[in-house]
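Structure, as structure tokens:
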DNA sequence: GTCTATATGACGATAGAC
DNA sequence: GTCTATCGTCATATAGAC
């Protein structure tokens, strides 16, 4: 006899809840011990089950890391979508848009150091995120690129450079801040970080470089400096 | 009876050689498997000895990582000293000095990805480099800071910003390039790297920002843009 | 369908024989 | 200085209880 739809629903819900619980605890362990410090045994211990039971929900430790990667990328994407939505649609300067976005991505990454290690570094031998898990990360770079394209169309970003290059350079700046902060002073909170404090200066540097050059007749041809 | 000095020398030399051999093989394994993929058993296997014998030379796996950290930092410092010595003593522009130095540090880091992971990231749970192991890394930042101070004294670096800030921002740029290259496309060689290719543009951006502002009477007051 | 008990082989590390 | 033997822990596979 086939089970009633209600039963299937309940089972699916229960299963989904258990998966979420495993991921919650796994993220907590990673936050305490570092990404590579995650152990299936420790997850089971904290859940009050036996280690093999974890394999009912995740076929391997790598599958677990993959789910955690997807989760982190999804959450970072959400955080960036939120800050993006709150920004003015018709900004006056490049910096006005880029600084809040940069600050938010650095803040999120510092406050979720474990996810950041997984997203920005390669701490687990043999683990590479699957295409599906990587998808939100791709969506994030697309979000940035689309935003920069809009800014270029609005005349706030130099028309003579490729949007892809601007996106790449901006990403490098931000990941540099995060990387330095997390590896040299991981315990410093975002607001007191030696390296996260560099974000405004670096965004300013980026904005100067990628803002349209004013014509020579106006305030001097800055392009002539190079 | 006390051993002859010659015997002590020979023992010391033999011991030092074994230590170097262990580090060579360990670095090789890290390069193949990633930093966290290093195992004492694998070292022993490749050396034709038993795992406990490794502990005669290194009291723990962390001590081994510490020696590898020190070695990597020392080698990167040497590479930077070399390129620094080859650069002109009286440069004409900021970029002329910074670009070759930046290129070399990115190149070294990409070509020695395993050491870089250890130096720039925190891939090993519970491992923090000792003060001694960290010393060459400190010497490296001092080398950069001293060079920037010279450039400031020579009038090539803005006098109104702290050298420490310039050093921090430059370090962030470079580590951002390395971090993005190694985490997103670790197999790409330096010359073909998507992210290492950004080095010239980023150094140019840095040089623009940190070069002394020309007075308004000359080519326009760039400072007024901010 | 869900979990447990049990087993395998690798790991880091230690103790003690030679 | 190197070995054997051993401990506890880990990820993981399988077989079976409920």
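The relative contact order of region A:1-58 comes to 25 percent, based on Cα pairs under 8 Å that sit 6 or more residues apart.
Computing FRET efficiency as 1/(1 + (r/R0)^6) for residue A:96 and residue A:31, where r is the C-beta to C-beta distance and R0 is 45 Å, gives about 0.85. With each label modelled as a point 7 angstrom along the Cα→C-beta vector, the residue A:60-residue A:191 pair spans 4.4 nm. Based on C-alpha pairs under 8 angstrom that are at least 6 apart in sequence, region A:120-212 has a relative contact order of 27 percent.
What is the protein assembly as shown by shape, rounded, prolate or oblate, if you read a ≥ b ≥ c off the alpha carbon gyration tensor as root eigenvalues and call it rounded for a/c under 1.5, prolate for a/b larger than b/c, and oblate otherwise? Present the calculation step by step, with values, prior to reporting the outcome.
Details: a/c = 2.60, a/b = 1.14, b/c = 2.28.
Because a/c hits 1.5 or more and a/b fails to exceed b/c, the protein assembly as shown counts as oblate.
For residue A:62, inter-copy separations between label points set 7 Å beyond Cα along the Cβ vector come to 3.0 nm, shortest first. Any chance you could give the angle, 0 to 90 degrees and rounded to 10, that helix B:5-33 forms with the longest Cα principal axis of chain B? That helix lies at roughly 60 degrees to the long axis.
For the pair residue A:18 and residue A:86, label points projected 7 Å from Cα toward Cβ lie 3.8 nm apart. Using a 7 Å projection from Cα along Cα-to-Cβ, the label point at residue B:93 is separated from the same position in the remaining copies by 2.6 nm, smallest value first.
Over the residues of chain B, the helix contribution to mean residue ellipticity at 222 nm works out to -22500 deg cm²/dmol, using -39500 (n - 2.57) for each DSSP H run of at least 4.
What percent do you get for the relative contact order of chain B when only Cα pairs under 8 Å and 6+ apart count? Over chain B, the number comes to 20 percent. The other copies place their residue A:134 label points at 3.5 nm from this one, listed shortest first, where each point is 7 Å from Cα along Cα→Cβ. Among A:191, A:208, A:169, the largest mean-square fluctuation in a Gaussian network model of chain A (Cα springs under 10 Å) belongs to A:191. Give me the angle, in degrees from 0 to 90, between the Cα long axis of helix A:131-153 and the longest principal axis of the Cα atoms of chain A, rounded to the nearest 10. Orientation of helix A:131-153: about 20 degrees from the principal axis. With the simple model of a label 7 Å out from the Cα in the direction of the Cβ, residue B:214 to residue B:184 spans 3.4 nm. The angle between the Cα long axis of helix A:94-111 and the main principal axis of chain A comes to about 30°, on a 0 to 90 degree scale.
Here, each number is a calculation from the coordinates, and none is a lab measurement. Note that the structure is predicted; figures quoted are calculated from it, not measured. Backbone-built Cβ (ideal geometry, glycine too); neighbour counts: all protein chains shown.
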